[in-house]
Amino acid sequence: MGDKLKRYAINTIKTLILPVLVIALFAVLTGGRSLSKRMLLVTARQSVMPIIISMALVGNLTLGMWDFSAGGVVLSAAIIGGNLMKLTNTGTAGLVVICLVIGVVMTTLTGFLNNRLRVPTIVVTVGLVLIYETIPRLIYPGGVTITAKYTFLASSPYCFIILAVMFVFFYLLYNKTAYGHNLRALGGSREIARSAGLKASRIIQTGFSISGIFLGIGAVLHISTNGQLLTVSALGSVPLIFEPMMGVFLAFFLSRFCNLTIALVVGTFTMTALTNGLVALGLPATMRSITSGLFLLILLCISGNQARIIKWREDRKRARMLDAKHNT
Amino acid sequence: MLTVKKISKAFGPTRALIDVDMEIRRGEIRGLIGENGSGKSTLASIIAGAQFADSGSFELKGKPYAPRNMVGAQNHGVSMIIQEMGTIPGITVAANIFTGRLEEFTRFGFINMKAINRRAAELLQEIGAGDIHPETLINRLNFEERKIVEIARAMVANPDLLIVDETTTALAQRGRELLYRLIRRLHEENKSVLFISHDLHELMSICDTITVLRDGIVIDTLEKEEISVDRMRSLMVGRELSGSYFRSDYDGSYSDEVVLEAKRVTSGILEEFNLELHKGEILGVGGLSDCGMHELGRVLFGIDKPITGSVTLKKNNVQVKDPHVATKNNMAYVSKERDREAIILNASIKENVVLPSHRQLRKVLGLITRRSETNLTNKQIETLRIKCRNGKQICNELSGGNKQKVVFAKWLGKESDILILDCPTRGIDVGVKAAMYKLMTELKAQGKSIVMISEELPELIGMSDRILLLKNGRLQAELRRSPDISEKQIIQYII
Ligand SMILES: Nc1ncnc2c1ncn2[C@@H]1O[C@H](COP(=O)(O)OP(=O)(O)OP(=O)(O)O)[C@@H](O)[C@H]1O
Ligand SMILES: [Mg+2]
């Protein structure tokens, strides 16, 4: 039992070491300014939306599929949802419901086309992102503005309550349902999973539809955070999924030490903390992008080769022992 | 138990099965034999619901039976261990065993992982593999253990008819005994087994009756008293095969010149291992599956870097640091994990065969003509009798044994000087096996050198000039070629 506890403790430390390091680094660089309670809260609050979007992306990524249309779904659900909310006068509850519906409808369509068209997911979703961006431009060329009265969901503590709810939802979905396990089996080997009777297309379709729930909630947070949103074109919505995407990469790495759900939260939070830290340093946007990119590269490099480094060290030790024995 | 009526199946112009009739009785252990590509796997997978017949029907326990998929077949009591299927990486042993059946363990939409793990542990225990832990990530297991997990997967639904498609060649001693025990148990419980294998002695010792397929047609069904190795062999091939199968000489000599030397090589379980391979030598390497012999093959070809020591090509004193150096110096390597390491399944036979030979095929300006590629491929298809439509056929469509032939052809085409062969004849029928042995003997005569790592003791005894027997990563014994070596003697060394 003691061993188990010890391993648990070590893994927890390994999980948390990254965000702690990032925060500590910026605390030093900003002379402690970024360590203020207010700044930390801002970072936490701002990480909620990317975390929830990362939950939408991770299912498809488990199957090796990139959904580039996710940002388009978030944006168009937010713009259309905001406008319809005003039109129907249904308030925040209406906003949530409408965004969820639009999100699920759109990702269900994505999944359907992805299954039917038999072209790579990346092609399908890049095509669709253009369409999803255009729809709100056609209906609401001016974008959307909602009054502060309806934006409280993005503020503390509501955003954290939403995060908690989505966290539990995702955790149960991924760990406690047959769907979650089937998804991973399919991600491991399509051919074998199929021969065992799993219906790949159904699992893919379910995955896309479910991702709409997360994207719908992401849309609510997006409009609530900004109050006002403009339409975009030509893949302008893709940056919305950069942070979550990097969060997912980090999470895949961290999931060696903890549950994937926690890894997603920690990973995406780390990315947000990094971006915010760079903003606090006053770096321009281009420099921020470069730094985040480098950070991720270095990290994945280390993580990808970690096993090799450890093995190399063990091998050296064994070689030295054998050599010593040999020479006597 | 099962009646097969007039089953036919074609893949385009290839007629894999033609009006196959067969009857398997309760409690019967039925062998199914035939050359590579004769339709054994196709028939088995149709019975198990993995493929569909073009025409014909089945009756199971007296009722019409038409499985729509493998789970459907399992629910009717028919399970199959698929040839070269493998396990799903990245998930646990238990999740592998119950893939496709997780819904049975859900209540109110939630899955009961505890129950699944418990059930998996019971299953593994039942088949005699209680040491494999259900919660282990499958990637942590070795080849043989993963195969055992596949056996467990087939036993999930407690089948009345178990189909075993060439599983034994992937298994070493322990796994084989486990499988034999399982088959005996099923027999005692009055259940049936359809057993596909190329090992005629094995078939003789476990089967009650044996059905012979040739080019998709049932040629004959032999009852217990009619079964003999020679009979099976000639029925399969369709002509009498001469008695000698392995090399007939007991000369066992080779040149004094050392071509490849491993010195104090340590890797995985292998510890400070020394080996000298001579020009014109067939060096057999045997042992249990985890004795280090597969690691040895990988180190010799430079795939794994040894922790201590080195592998040297003596002729120009080059160290084999990686596979690139190895191929550049005319070395060849046939891996045991065929579908993962030795063949590109989505590529054609031609693309696979010419892959290592590009340097040789280069003509003016370093270009390669299509003609030279095709010629090389056709020559190999002929030599090894690869059953295919033509060289352009995708390897995935070939039968198991024919895939293995492509792997072999790839290196033969290159005219390698040193061949490291890890279980080279796995899944290959007797006729072609004999041709391969003949080829190896010819290669030896030409002064080429071969390291043959094998789990088949008769093959080691029959072909090697010298046999190295490994146990726990160390050399246990070295035997010289002689007619007196017996399997018993070898087993004593390696267990
Ligand atoms: N998907 C496919 N597409 C085209 N041809 C196929 C396909 N599957 C099998 N075949 C062909 O059907 C024939 C029978 O193949 P099958 O796999 O049943 O042989 P087998 O008796 O199991 O041989 P082996 O001993 O090598 O495993 C072969 O000629 C093979 O090339
Ligand atoms: Mg076969």
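The values are calculated or read from the model by the stated rules, or taken from the named source; none is laboratory data. Here the structure is a predicted model, which is why all the values come from computation and not from measurement. Positions of Cβ are generated from backbone atoms using ideal geometry, with glycine treated the same way; all protein chains shown enter the neighbour counts. Quick note on the areas: whole protein, heavy atoms, side chains included, nothing else; ligands and nucleic acids left out. Shrake-Rupley method; radii C 1.70, N 1.55, O 1.52, S 1.80 Å.
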Elements of type strands (runs of 3 or more DSSP E) contained in region B:193-281, each with 1 or more residues being in contact with a His (Cβ under 9 Å, 6 or more places away or on another chain): B:258-267, B:270-278
Subset of region A:271-323 (residues that are within 11 Å of chain B (Cβ to nearest Cβ) and not charged (D, E, K, R)): A:Trp312, A:Ala319, A:Met321, A:Leu322
Residues that are open to solvent by 20 Å² or more (accessible area, probe 1.4 Å), under 30 Å from B:Lys147 (Cα atoms) and not in a loop (DSSP other than H, G, I, E, B), drawn from region B:311-332: B:Pro323
Residue check, A:Tyr179 open to solvent by 10 Å² or more (accessible area, probe 1.4 Å), away from chain B (no Cβ under 14 Å) and at pLDDT below 95: no
Considering residues of region A:202-232 that are touching a residue at least 24 places away in the same chain (Cβ under 8 Å) and within 14 Å of chain B (Cβ to nearest Cβ) only, the residue surrounded by the fewest Cβ atoms within 10 Å (Cβ to Cβ): A:Thr206
From the options B:Ile132, B:Ile151, B:Ile138, residue that is open to solvent by less than 20 Å² (accessible area, probe 1.4 Å), touching a strand residue (DSSP E or B) at 6+ places or on another chain (Cβ under 8 Å) and away from chain A (no Cβ under 12 Å): B:Ile151
Residue count, region B:470-490 (criterion: of a type in the set (A, V, I, L, M), under 24 Å from B:Arg298 (Cα atoms) and either assigned to a helix (DSSP H, G or I) or open to solvent by less than 60 Å² (accessible area, probe 1.4 Å) (or both)): 4
Count of residues meeting criterion [within 11 Å of chain A (Cβ to nearest Cβ) and in contact with a Gly (Cβ under 9 Å, 6 or more places away or on another chain)] in region B:96-126: 5
B:Gly401 being in contact with a Gly (Cβ under 7 Å, 6 or more places away or on another chain) and among the small types (Gly, Ala, Ser): yes
Unmet criterion (only one of (1) within 16 Å of ligand 1 (Cβ to nearest atom); (2) modelled with pLDDT under 90; (3) under 25 Å from A:Ala193 (Cβ atoms)) for B:Pro13: (3)
Region B:77-91 residues that are open to solvent by 40 Å² or more (accessible area, probe 1.4 Å), paired with ones that are part of a loop (DSSP other than H, G, I, E, B) and of a type outside the set (S, T, N, Q) (beta carbon under 6 Å, 6 or more apart): none
Helices (runs of 4 or more DSSP H) wholly inside region A:210-328 containing at least 2 residues that are within 25 Å of A:Thr107 (Cα to Cα): A:242-254, A:260-280
Criterion violated by B:Ile24 - all others in (1) away from ligand 2 (no atom under 14 Å from the Cβ); (2) touching a Leu at 6+ places or on another chain (Cβ under 9 Å); (3) over 28 Å from B:Glu225 (Cβ atoms) satisfied: (3)
Set B:Lys438, B:Lys403, B:Lys433: member being open to solvent by 10 Å² or more (accessible area, probe 1.4 Å) and more than 16 Å from ligand 2 (Cβ to nearest atom): B:Lys438
Subset of region B:156-186 [outside any loop (DSSP other than H, G, I, E, B), closer than 21 Å to B:His76 by Cβ and open to solvent by 10 Å² or more (accessible area, probe 1.4 Å)]: B:Arg185
Residue list for region B:406-422, filter: hydrophobic (A, V, I, L, M, F, W, C) and either more than 16 Å from ligand 2 (Cβ to nearest atom) or farther than 27 Å from B:Asn329 by Cβ (or both): B:Phe408, B:Ala409, B:Trp411, B:Leu412, B:Ile418, B:Leu419, B:Ile420, B:Leu421
Among residues of region A:155-167, those that are open to solvent by less than 80 Å² (accessible area, probe 1.4 Å), free of Cβ contacts under 8 Å to residues at least 40 places away in the same chain and either among the aliphatic types (A, V, I, L, M) or within 14 Å of chain B (Cβ to nearest Cβ) (or both), counted: 1
